1. Give the residues of the range 79-88 that are surrounded by 15 or more Cβ atoms within 10 Å (Cβ to Cβ) and in contact (Cβ under 8 Å) with a residue 60 or more places away in the chain, sorted by residue number.
2. Return the residue satisfying two criteria in turn: it lies in the range 89-109 and is of a type in the set (A, V, I, L, M, F, W, C) and touching a Lys or Arg at 6+ places or on another chain (Cβ under 8 Å), and of such residues it is farthest from residue 137 (Cα to Cα).
3. Determine which single condition residue 42 fails, assuming it passes every other condition in (1) in contact with a Leu (Cβ under 8 Å, 6 or more places away or on another chain); (2) surrounded by fewer than 24 Cβ atoms within 10 Å (Cβ to Cβ).
4. Enumerate the pairs (first residue in the range 37-58 and under 23 Å from residue 226 (Cβ atoms); second residue anywhere and at pLDDT below 95 and acidic (Asp, Glu)) with beta-carbon separation below 8 Å, excluding pairs fewer than 6 apart on the same chain, so at least 6 apart or on different chains.
5. Output the residues belonging to the range 165-194 that are under 27 Å from residue 143 (Cα atoms) and part of a loop (DSSP other than H, G, I, E, B).
6. Of everything in the range 54-79, what is in contact with a strand residue (DSSP E or B) (Cβ under 6 Å, 6 or more places away or on another chain) and assigned to a helix (DSSP H, G or I)? Give them in sequence order.
7. Would you check which residues across the range 17-46 are of a type in the set (Gly, Ala, Ser) and modelled with pLDDT under 65 and list them?
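The values are calculated or read from the model by the stated rules, or taken from the named source; none is laboratory data. As the structure is a prediction and not an experimental result, all values here were calculated from the model. Please note: Cβ atoms are built from the backbone with ideal geometry, for glycine as well, and neighbour counts cover all protein chains shown.
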Amino acid sequence: MQQGCGRAAAIVLAGGSGSRFGAPVNKVYLPLAGRPVIAWSLAVMAAHPQVGPVVLVVREDDRRSAAEAVAAAGAAEVEVVTGGASRQESELAGLRRLAERIADGRVDVVLVHDGARPLLTPDLVDRVLAGARDTGGAVPGLPRHDLVAAGPDGAPTGPAPDGLVAVQTPQGFRAVPLLAAYEAAAREGFAGTDTESCMARFAPDVPVRRVDGDGRNIKITYGHDLEVATAVLAGARPAAR
C-alpha cells in the first residue's frame, strides 16, 4: 500500500499508578461526570471517522476496570493490551499490537494519548492527524507565559525564556518510522519522557510540526484537576481556589 492509504490508529495509555493524585486506585478509573476518566478520551478516539483501531494499554491488575471503562465509553472495538513497567514499554506494547497492520499499510499514522487527559476533542485529533500526515509528526502544545527562571537555590531570577511550550497529547507520527524508533529504543534500553523524545533520538530525520493545543486538554494529576474537568464537562466555570 502507498503512504496515506491506511487509517490512523490510537494508543491510549493507562499504565500509570497516579500516585501524585493520592487515590487508592489508578486515577484514570476514577469517576468523572458519570464515566471513568479514561472513558472520555476513549469515546472520542473510537468515534473519530479517521481513527481505528484503538488500543488501550493497561496494567494487568487493572484489566477489569479497563473493561468497565471501555463499556462506559461505548467503544466495544477497543483492543486492550498489557503494558510494561514504564511509559516507554507501554507505548511499545501498543505499537507491537499494531505491528502487522503497520507493516501491510492498514495503519499509516499512530496517535499516542495519555488516558489522564479526558477532555480531548475531535478538533485536536484533526489537527494532530493533519500535521502528522503532512510532515511526519505532530505534537500539540500551548505557549507558557506564567513561568519564571530560578537560580541554583530555587529563588526566582527573572522571566523565563521566550518560546517555552507546554506539550500535550495526543502526539502523532507516521507509523513505520514510529515503530522502528521504539524497537531501536528497546534494543538500547532507552526510556524517553514522551513519544516525541523517542522520535528525536531514534528518528531525527522525521520532521515534527507543533500544532495548537487546547487549553481544556488538561491532565488529571491532582485532586483539583478532577474538579476542573468536571466543571468543564458541565459547561460551568470552575470555582476559584
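1. Correct list: 83, 84, 87, 88.
2. The extreme case among them is 107.
3. The number of the failed condition is (2).
4. 46/77
5. Answer for the range 165-194, where residues must be under 27 Å from residue 143 (Cα atoms) and part of a loop (DSSP other than H, G, I, E, B): 168, 169, 170, 191, 192, 193, 194.
6. 60, 66, 69, 72
7. 17, 18, 19, 22, 23
A quick yes/no check of all residues on (1) touching a Pro at 6+ places or on another chain (Cβ under 8 Å); (2) closer than 24 Å to residue 191 by Cα:
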{"residue": "43", "(1), (2)": "no, no"}
{"residue": "48", "(1), (2)": "yes, no"}
{"residue": "53", "(1), (2)": "no, no"}
{"residue": "62", "(1), (2)": "no, yes"}
{"residue": "77", "(1), (2)": "yes, no"}
{"residue": "80", "(1), (2)": "no, yes"}
{"residue": "83", "(1), (2)": "no, yes"}
{"residue": "87", "(1), (2)": "no, yes"}
{"residue": "102", "(1), (2)": "no, yes"}
